[in-house]
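Working notes for the structure below.
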Amino acid sequence: MANKINSNGKVSQDHLVMELPKAKKAGKKKSKSDDLVEKSSKDKKIGNAKPKSDASLTKLTKPIYENELNRLHIELVKLQEWVKHKKLKVVVLFEGRDAAGKGGTIKRITECLNPRVCKVMALGTPSDREKTQWYFQRYAAHLPAAGEIILFDRSWYNRAGVERVMNFCTHEEYVEFLRSCPEFECMLQRAGIILIKYWFSVSDEEQEKRFQERIKNPLKRWKISPMDLEARAKWVEYSKAKDDMFNATDIKQSPWYVVNSDDKRRAHLNCISHLLSQVPYEDLTPVKIELPPRQSEMDYVRPPMRLQNFVPNISPSSHPEDIHTVN
């Protein structure tokens, strides 16, 4: 049964059935990663690089992936220190279809960085008050101060995607967004903000595989929502919306960079490597740090530990009967 959208523009969960609708395809079937950027009418290449299919590449082994990720993490820390030192302001947008790998890549970026410097913004549905504001206002409130990096897990481009496809905005509001968005982004750059935009491209087959995994795995089920299922049933509409969005907002000053994300590991490495190339930085690694000696307790006598409330130790022992399995 398909999900129903109520009068408030929200998907009713009463009609949620955890069966994936087939993605509707228009006409002849395209290549496996259907929304990799094609040449526009101006024969322009996105990101100045021809995308390669993941199928043509050998699968990265875990040791190779982790070794390369560790190397990139070291560089990300250097970038972070440079951003702080030079008081730079960096904004990175992560867009793409559901289950395209945006969140996983953001996690790989942030896990080695200072959360006071690198922050993730994943804004929810706008409040009634926010709906009456200038469209960009709720996003502008989260732009970086000097020495900060802000990663938007979805961004103001919601209007060009989900809001257009699901009719959450009027046609006039949508047209105005496409007209004003490049101006808004140029204004940010004139204010000293470094803006980088990524689109994560995933094939129909890979998206279904990831959705099925989320449905079956209780630890990942929270990741799939009624809106995700509704969006999958509107695959072609989203493709059209994405193409129109690129035509209007893929400008020289703030181009889109496409990340082929059918292979998660390669997507993580490729995106992080590219991000590092977009912000020139220098290594500010400090001189060797030496720990000072610990202060002695002198005449101070600490209270007995038995007076404290300790968390019970429930970690399993080496005995098999003590190990619990999760059903």
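Coordinate-derived values only; no laboratory data. As the structure is a computational prediction, the values presented were derived from the model and not from experiment. Because the Cβ atoms are built from the backbone with ideal geometry, glycine has one as well, and the counts that use them run over all protein chains shown.
Taking a ≥ b ≥ c as the square roots of the Cα gyration tensor eigenvalues, with a/c under 1.5 meaning rounded and otherwise prolate when a/b beats b/c, else oblate, which class fits segment 61-278? Oblate. Label-to-label distance, ASP283 versus LYS119, with points set 7 angstrom from Cα along the beta-carbon direction: 3.1 nm. Between LYS78 and GLU205, the FRET efficiency estimated from the beta carbon spacing at R0 = 45 angstrom works out to 0.75.
Each of the peptides 299-305, 217-223, 73-79 was scored by the mean count of other Cβ atoms within 10 Å over its residues; in descending order, highest first, they stand as 73-79, 217-223, 299-305. With a Förster radius of 35 Å applied to the C-beta separation of CYS112 and ALA140, the computed FRET efficiency comes to 0.80.
A full extension of the chain between ARG190 and ASN247 corresponds to an added length of 18.3 nm, given 0.36 nm per residue minus the alpha carbon distance.
Considering only alpha-carbon pairs that sit under 8 angstrom and 6 or more positions apart, the relative contact order computed for segment 61-278 is 30 percent.
Within segment 153-195, none of the GluC sites (Glu not before Pro) combine a DSSP coil assignment with at most 15 other C-beta atoms in a 10 angstrom radius.
The label point for ARG179 and the one for SER127, both projected 7 Å from the Cα toward the Cβ, are 3.0 nm apart. Computing FRET efficiency as 1/(1 + (r/R0)^6) for ILE215 and ASN167, where r is the C-beta to C-beta distance and R0 is 30 Å, gives about 0.70.
For the set LYS131/LYS264; LYS59/LYS102; LYS197/LYS220; LYS62/LYS89, the pairs lying more than 29 angstrom apart at their alpha carbons are LYS131/LYS264; LYS62/LYS89. Between SER225 and MET305, the simple spin-label model (points 7 angstrom out along Cα→Cβ) gives 4.6 nm.
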